[in-house]
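Here, each number is a calculation from the coordinates, and none is a lab measurement. In this text the structure is predicted, and so the values were computed from the model without any measurement. Note that each Cβ is placed from the backbone with ideal geometry, even for glycine, and that neighbours are counted across all protein chains shown.
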Amino acid sequence: METGKMDLREAVIRTIAMPSNTNPAGDIFGGWLMAQMDLAAGNAAARRARGRCVTVAVDGMAFHSPVHVGDEVSVYAELISTGRTSMKFRVEAWRRSRDGDEQIKVTEAVFTFVAIDSGSRPRPLPTG
């Protein structure tokens, strides 16, 4: 489990974990957390591609620590590679309790997106 402060990257998504997001054990459901990560990476992908993108793969999903109701969850997405139509993002989710300052990395994965056109066909990424 990694703790500490994030670097100066800006969070793509920041939200509060709510009771409706829990699993039967009372922790935040992993699927909810993965959805937040997909939203964050999708937002970053759409900005890079300047248009619509789809998730085509999620690799190396690792859950390090549980998220609790009331925790602030911050999701960061970093572009790590591009192809002709595809982009890979390293995505991390970190939690901070309501009454603390310590941030703890709770999960990470690599998300792959493909830029698509209006007919849902892959399209080249814009240069730059």
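Could you identify the single residue in Ala45, Ala35 that is surrounded by fewer than 18 Cβ atoms within 10 Å (Cβ to Cβ), under 16 Å from the mean Cα position of the chain (by Cα) and not in a strand (DSSP E or B)?
Within the list Ala45, Ala35, the selection yields Ala35.
Got at least one residue in the range 86-95 being small (Gly, Ala, Ser) and more than 16 Å from Cys53 (Cα to Cα)?
To start, the set of residues in the range 86-95 that are small (Gly, Ala, Ser) comprises 86, 93.
Subsequent filtering for residues that are more than 16 Å from Cys53 (Cα to Cα) retains 93.
Scanning the range 86-95, I find at least one residue that is small (Gly, Ala, Ser) and more than 16 Å from Cys53 (Cα to Cα), so the answer is yes.
Is it true that some residue in the range 16-29 is within 11 Å of Ala93 (Cβ to Cβ) and surrounded by fewer than 19 Cβ atoms within 10 Å (Cβ to Cβ)?
Taking the range 16-29 as the starting set, the residues that turn out to be within 11 Å of Ala93 (Cβ to Cβ) are 17, 28.
From the residues that got through so far, the ones that are surrounded by fewer than 19 Cβ atoms within 10 Å (Cβ to Cβ) too are none.
No: zero hits.
Determine whether Arg84 is of a type in the set (Lys, Arg), over 16 Å from the mean Cα position of the chain (by Cα) and outside any strand (DSSP E or B).
Spelling it out, Arg84 is indeed of a type in the set (Lys, Arg), over 16 Å from the mean Cα position of the chain (by Cα) and outside any strand (DSSP E or B).
Thr55 versus (1) hydroxyl-bearing (Ser, Thr, Tyr); (2) part of a strand (DSSP E or B); (3) over 19 Å from Ile13 (Cβ atoms): which is the lone unmet condition?
(3)
With the checklist (1) of a type in the set (Gly, Ala, Ser); (2) under 20 Å from Thr22 (Cα atoms); (3) part of a strand (DSSP E or B) in hand, flag the one item Ala77 doesn't pass.
With respect to (1) of a type in the set (Gly, Ala, Ser); (2) under 20 Å from Thr22 (Cα atoms); (3) part of a strand (DSSP E or B), Ala77 is out only on (2).
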